[in-house]
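Have a look at the structure below, then the notes.
The values are calculated or read from the model by the stated rules, or taken from the named source; none is laboratory data. Here the structure is a predicted model, which means the values were calculated and not measured. Note that we place each Cβ from the backbone using ideal geometry, even for glycine, and neighbour counts take in every protein chain shown.
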Amino acid sequence: MTFPPNLTKRWELEGQLFATIGTLDLLSRTYEKGELDPNIFHKQHKNLLTTIVAIRAKLETYQFDLDDFIREEKIDQQYPHGLEKLRITEGTDDNARNRIDYSQIKKLPKIAAEFVANAIEVLDLLRLEAIATVDRILPYLDELHAILTEAHVYGSNHWVTRDIDEWIKWMDRQKPGQLLRQDELKKLELQTARWLSDFRRELANL
């Protein structure tokens, strides 16, 4: 029996999404047990988040429904940690303006996927307060800034670009292994969430 090419491609993408969520779940559980180096975890974590965003963008072509997929594949039962990360890439459920418009991401999948993944990585590091050091956070801020400037997503005078630049300059003046204080953690977490929210809203204009 043969299947229509479009259907076969959709199944392939859904299989990739399922496998990536499962890998993300395993990675998160392994890290929480203290069995994985933080640097290795965050590198792999970011790569998996980027992959998820890119696959989701491709699935938009097939009228993909994420909630149906989660229910049919029992993702919440099999991979609760992976599902939590997946939900973050989708945007907050209580504010439709913050959700990713995947139909727009298809126009610039690499840029959008990398920006979202890097922003989520920053948020993840900030919430793991014990390892929120300048040397771990700064590379992600550098990548966010590079994405916005080199890809001309925003102008150099846009508030998001300027805000990230100010944080980079501030961190450059700190000691590499320095932990961020509580007030610094909360401020950067709020700002990163704002960057991500603004990026999601602006996707339609890119």
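Quick notes on this one:
- Some residue of the range 168-180 being modelled with pLDDT of 95 or more, in contact with a His (Cβ under 9 Å, 6 or more places away or on another chain), within 18 Å of LEU126 (Cβ to Cβ) and not assigned by TED's automatic domain parsing to the domain that holds VAL53: yes
- Being surrounded by 13 or more Cβ atoms within 10 Å (Cβ to Cβ) and not in a helix (DSSP H, G or I) is a description that does not apply to PHE69.
- Counted residues, the range 25-54 - those being out of contact with any Pro (no Cβ under 6 Å at 6 or more places or on another chain) and either more than 15 Å from ILE88 (Cβ to Cβ) or of a type in the set (S, T, N, Q) (or both): 20
- Every pair of residues 6+ apart whose Cβ atoms lie under 8 Å, when the first sits in the range 133-153 and is surrounded by 15 or more Cβ atoms within 10 Å (Cβ to Cβ) while the second is among the small types (Gly, Ala, Ser) and not in a helix (DSSP H, G or I): THR133/GLY177; VAL134/GLY177; THR149/SER156
- As for the range 142-150, it holds no residue that is farther than 17 Å from ILE88 by Cα, assigned by TED's automatic domain parsing to the domain that holds GLU184, at pLDDT below 90 and not in a helix (DSSP H, G or I).
- Figure legend. Inter-residue proximity from the range 111-126: first residues surrounded by 22 or more Cβ atoms within 10 Å (Cβ to Cβ), second residues among the basic types (Lys, Arg), beta-carbon distance below 6 Å, spacing 6+ or different chains. Indicated pairs: ALA117/LYS46; GLU121/LYS46; LEU125/ARG136.
- Hey, ALA112 at pLDDT below 85 and of a type in the set (Gly, Ala, Ser) or not: yes
- One residue from THR192, THR161 being polar (S, T, N, Q), surrounded by 14 or more Cβ atoms within 10 Å (Cβ to Cβ) and more than 21 Å from ARG127 (Cβ to Cβ): THR161
- Tabulated pairs, the range 7-27, first touching a residue at least 12 places away in the same chain (Cβ under 8 Å) and under 16 Å from GLN78 (Cβ atoms), second of a type outside the set (D, E, K, R) and not in a helix (DSSP H, G or I), C-beta under 7 angstrom, 6+ apart or interchain: ILE21/TYR79; GLY22/TYR79; ASP25/TYR79
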